[in-house]
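What follows is one structure encoded as structure tokens, with my remarks underneath.
Taken together, the values in this text are just the output of simple stated rules run on the coordinates, not laboratory data. Bear in mind that the values here come from a model prediction, so they are computed numbers and not experimental data. All Cβ positions, glycine included, derive from the backbone under ideal geometry; neighbour counts span all protein chains shown.
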Amino acid sequence: MQKTLKHATEIIVKFSEVDSLGIVWHGHYVRYFEDGREAFGKAFGIDYLTVYNNEYVTPIVSIDCKYKQVLRYGDSVIIETEYIPSEAARLNFNYRLLNAATGEVVVTASTVQVFLSRDNFVLQLTNPPFFEEWKKKHSLA
């Protein structure tokens, strides 16, 4: 079985995130994935500034999301973020959002990010050196 890295962070649903039905509007889940990636990056030393300071950016090129339950204003949500290794020059993440009070899975999702050079946005076909070092540090290479 391939090694992965996982991190969990908790958020509270804000009033501004619910729609007229009183549930979280579907588009806000993408922001929750971002919150999970930011917390993951800080925990494992691969945050956005690290990528940027190494002359790269990592835009999302794919999102797959499956909604299973609803969230409401004030709900506490656990965002589980898992990095899935790949030999390709990209970042693959899986997510599980859980209602902290019930433990129910609310959403499962995945995203794919690619490496572009920071200055001219050229797609990188091989892993940047700093990313290879990061993978080795965490026994992912």
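Taking all pairs of distinct Cα atoms, average 1/r, flip it, and tell me the Kirkwood hydrodynamic radius of the chain in Å to one decimal place. After inverting the pairwise mean of 1/r, the radius is 16.0 Å.
When only alpha carbons are used to place a centre, segment 34-88 and segment 94-139 end up 6 Å from one another.
Filter the trypsin sites (Lys or Arg not before Pro) in segment 39-139 down to the DSSP loop ones having no more than 11 other Cβ atoms within 10 Å, then list what survives. Sparse-neighbourhood loop trypsin sites (Lys or Arg not before Pro): LYS68. The long axis of helix 28-44 is offset from the longest Cα principal axis of the chain by roughly 50 degrees. Residue exposure proxy: LEU71, LEU21, LEU116, LEU97, ordered by other Cβ atoms within 10 angstrom of their Cβ from fewest to most, comes out as LEU21, LEU116, LEU71, LEU97.
Taking a straight line from the alpha carbon of LYS14, these lysines sit under 24 Å away, with near neighbours fewer than eight places off in the same chain left out: LYS42, LYS66, LYS68. A simple spin-label model places the labels of VAL61 and LYS3 2.6 nm from each other, with each point 7 Å out along Cα-to-Cβ.
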